[in-house]
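Read the structure below first, then the notes.
The values are calculated or read from the model by the stated rules, or taken from the named source; none is laboratory data. Please read all numbers here as calculations on a predicted model, not as lab measurements. Quick reminder, even Gly has a Cβ in these numbers, built from the backbone with ideal geometry, and neighbours come from all protein chains shown. Heavy atoms of the whole protein, side chains included, go into the accessibility calculation; ligands, DNA and RNA do not. Shrake-Rupley method; radii C 1.70, N 1.55, O 1.52, S 1.80 Å.
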Amino acid sequence: MIWIEKGGLQTTIQDLGRRGFQKYGVIASGVMDPYAHRLANILVDNKETDPTIEITLMGPHITFQNDCLFALTGGDLSPSIDGLPIKMWRPIVVKKGSKLTFGKPVSGCRTYLAVAGGFIVSEVMGSKSTYLRAGIGGFEGRALQKGDVVQVGECSQYVKGNMKHLSKNENKGSFIQMEWTLMAKAIPTYRPETSVRIIDGRQAHLFNEKSKDVFFNHAFQASSDSDRMGYRMKGPQLALKEPKELLSEAVSFGSIQVPPDGQPIILMADRQTTGGYPKIGQVATVDLQKMSQLKPGEYLRFERISLEEAQHELMKERKLIEQLKQSISLKFKEGI
Amino acid sequence: MMDITFSPLGDEAIVIEVGYEITKEATNLVRSIMRQLEEAAIDTIVEVIPAFTTVTVFYEVTAQFKFKDIKNLLEKMLVEITESDTVAQRTIEIPVYYGGEYGPDLEFVALHNKLTVEQVIELHSNGTYEVNMIGFAPGFPFIGGMAESIATPRRSTPRLRIPERTVGIAGMQTGVYPIETPGGWQLIGRTPMDLFLPNEEIPSLLQAGDRIVFKPISKAEYDQWEGE
């Protein structure tokens with residue numbers, strides 16, 4: 001189990017989200033960065049669907065109450081163990097009593113912590129994700145705070161074998177981090193000005209030509225009231241050819257809706273299930289990982305992508321993840 | 001096939017659109033499509049979200065199953081779809097304490113429509129209502145059938161916090177906020193009844209198609225109900 005000594009800005013337990021209940025208006029939730037979440041789990045031989053801890057900008061202080069294996073992926077928030085900086089995107093074996101802390105955000109916005117065996121919390125509507133506004137899921141429906149103890153499940157037999165072996169070989173220090181990491185193309189870099197690819201929205205044709213033009217040719221800044229529900233972007237005003245009242249319809253992860261003030265909102269993990277504002281575009285699923293690592297104040301540009309190309313890219317990403325999973329799982333079998 | 005169109009919502013969903021206005025025909029068609037999709041239980045379909053005139057289907061993209069494939073599948077499946085036969089509708093009574101601290105906009109609604117507060121309550125609690133869709137927030141019902149004489153536009157600046165179980169009006173619609181959320185509806189009262197049931201198999205008290213009766217109650221009745 002792990003003990004939370006300090007909660008951090010917003011530290012929540014998330015998995016891949018609540019599926020099948022949106023027809024009842026239940027918010028999907030789940031991780032903001034599904035790629036980093038999947039990789040964190042793969043690096044500790046968990047299932048991709050196991051819950052991880054999503055850490056936002058100012059990280060928590062966490063003490064490991066047992067020897068365990070963990071991995072950190074996503075944004076770099078200067079993690080260290082007992083004061084010594086540690087590397088991300090690789091498995092780390094840590095001894096009982098060691099303390100994981102975070103420092104200043106170097107790049108990206110959200111770090112994912114996976115512990116071999118996963119975190120034990122009860123499922124609500126088929127998911128372990130925390131939805132703060134309704135107070136459901138995750139750890140008592142809320143963000144982790146000082147004094148919380150989160151139980152960790154049984155890790156895989158291969159992890160157990162590796163941990164035994166490693167702790168015998170090296171006794172110095174409170175942790176051992178693996179020398180190896182993922183291939184370079186599997187580790188994203190997060191920049192303060194980035195671009196994401198956009199598929200045309202269902203109502204893109206309702207926007208005037210000037211708006212379509214500025215949308216793809218200007219940078220938009222993430223405002224400070226961006227959160228897990230959505231990124232509110234500031235930039236040139238977008239407008240419809242003529243005012244139009246729309247009926248509410250489903251929205252999804254990455255839908256970009258434009259309310260009457262002309263400033264786009266990009267809907268994220270805690271988005272509402274339906275919305276009535278026109279959607280100018282939709283962030284390609286493969287680029288949601290980039291999107292969710294954007295910090296308030298940073299800049300975003302939009303590039304157009306066709307639906308076919310977006311689905312093709314999605315398949316490429318799946319293949320890459322599958323490949324990484326197989327090679328890492330082999331490492332665990334043969335000894336990390 | 002009736003006038004049904006298909007269009008993508010991003011790279012993992014497809015929208016089936018049956019019309020552009022809230023009509024009896026459109027809402028019935030949405031319900032038949034939902035029923036047909038649920039009965040068919042297609043394993044590449046991850047989740048389905050119905051709305052006023054649309055059904056959005058989220059699907060699992062694979063190398064062999066992309067947008068055109070889900071579109072073909074749905075087209076074939078819905079080729080003979082017709083409006084659902086009238087199914088037995090449930091009627092659910094929602095007790096409401098109108099006005100006071102729980103209905104801060106009741107007077108505005110009256111003023112806007114040149115009515116008295118009593119007339120607004122009378123009109124609101126005597127409507128023949130039907131849930132058109134559930135969406136926006138867990139268990140939030142968009143309820144149609146409200147008297148036009150009490151229709152009131154949304155507030156120009158939404159409130160940041162609306163207490164759970166508050167009853168509101170937006171244009172021609174009425175609804176109830178099941179959980180505390182921000183929102184722009186005109187608030188006219190509050191019900192002691194829970195609409196979001198996170199521990200039930202079906203977590204929403206109401207469903208599209210339900211008939212609704214709003215029953216005015218006194219503050220004492222409200223407090224007694226909430227106390228239980």
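Each row is one residue, and each column tells you yes or no for (1) among the acidic types (Asp, Glu); (2) closer than 24 Å to B:ILE22 by Cβ; (3) touching a Leu at 6+ places or on another chain (Cβ under 9 Å); (4) assigned to a loop (DSSP other than H, G, I, E, B).
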| residue | (1), (2), (3), (4) |
| --- | --- |
| B:PRO104 | no, no, yes, yes |
| B:LEU111 | no, no, no, no |
| B:GLN119 | no, no, no, no |
| B:GLU130 | yes, yes, no, no |
| B:PHE136 | no, yes, no, yes |
| B:GLY139 | no, yes, yes, yes |
| B:PHE142 | no, yes, no, no |
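Selection of region B:191-206 for residues being closer than 16 Å to A:MET125 by Cβ, more than 8 Å from every other protein chain (Cβ to nearest Cβ) and open to solvent by less than 70 Å² (accessible area, probe 1.4 Å) yields B:LEU195, B:LEU197, B:LEU205.
The criterion of at least 1 residues that are open to solvent by 50 Å² or more (accessible area, probe 1.4 Å) is met by the following strands (runs of 3 or more DSSP E) wholly inside region B:1-88: B:5-8. Among what's in region A:103-123 and is of a type in the set (A, V, I, L, M, F, W, C) and surrounded by 22 or more Cβ atoms within 10 Å (Cβ to Cβ), pick the residue that is nearest to the other protein chains (Cβ to nearest Cβ). It comes out as A:PHE119.
Condition check ((1) assigned to a loop (DSSP other than H, G, I, E, B); (2) without any contact (Cβ under 8 Å) to a residue 12 or more places away in the chain) across all residues:
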{"site": "A:ASP45", "(1), (2)": "yes, no"}
{"site": "A:GLU54", "(1), (2)": "no, no"}
{"site": "A:GLY59", "(1), (2)": "yes, no"}
{"site": "A:ILE62", "(1), (2)": "no, no"}
{"site": "A:ALA71", "(1), (2)": "no, no"}
{"site": "A:GLY74", "(1), (2)": "no, no"}
{"site": "A:MET88", "(1), (2)": "yes, no"}
{"site": "A:SER122", "(1), (2)": "yes, yes"}
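Checking region A:107-126 against the condition returns a match, with at least one residue being in the same structural domain as A:CYS155 (by TED's automatic domain parsing), in contact with a His (Cβ under 6 Å, 6 or more places away or on another chain) and not small (Gly, Ala, Ser). Under the condition of being open to solvent by 40 Å² or more (accessible area, probe 1.4 Å) and either assigned to a strand (DSSP E or B) or closer than 19 Å to A:PRO34 by Cα (or both), the residues counted in region A:182-211 number 9. In the set (1) more than 19 Å from A:LYS212 (Cα to Cα); (2) outside any loop (DSSP other than H, G, I, E, B), A:ARG228 fails one condition alone, (2). So which residues in region A:232-251 are part of a loop (DSSP other than H, G, I, E, B) and open to solvent by 100 Å² or more (accessible area, probe 1.4 Å), if there are any at all? Listed by number, the residues that qualify are A:GLN237, A:LYS241, A:GLU242, A:PRO243, A:LYS244, A:GLU245. Of the residues screened, B:THR152 is one that is open to solvent by less than 10 Å² (accessible area, probe 1.4 Å) and out of contact with any Asp or Glu (no Cβ under 6 Å at 6 or more places or on another chain). Restricting region A:11-27 to residues that are open to solvent by less than 10 Å² (accessible area, probe 1.4 Å) and of a type in the set (A, V, I, L, M), the residue that is nearest to the other protein chains (Cβ to nearest Cβ) is A:VAL26.
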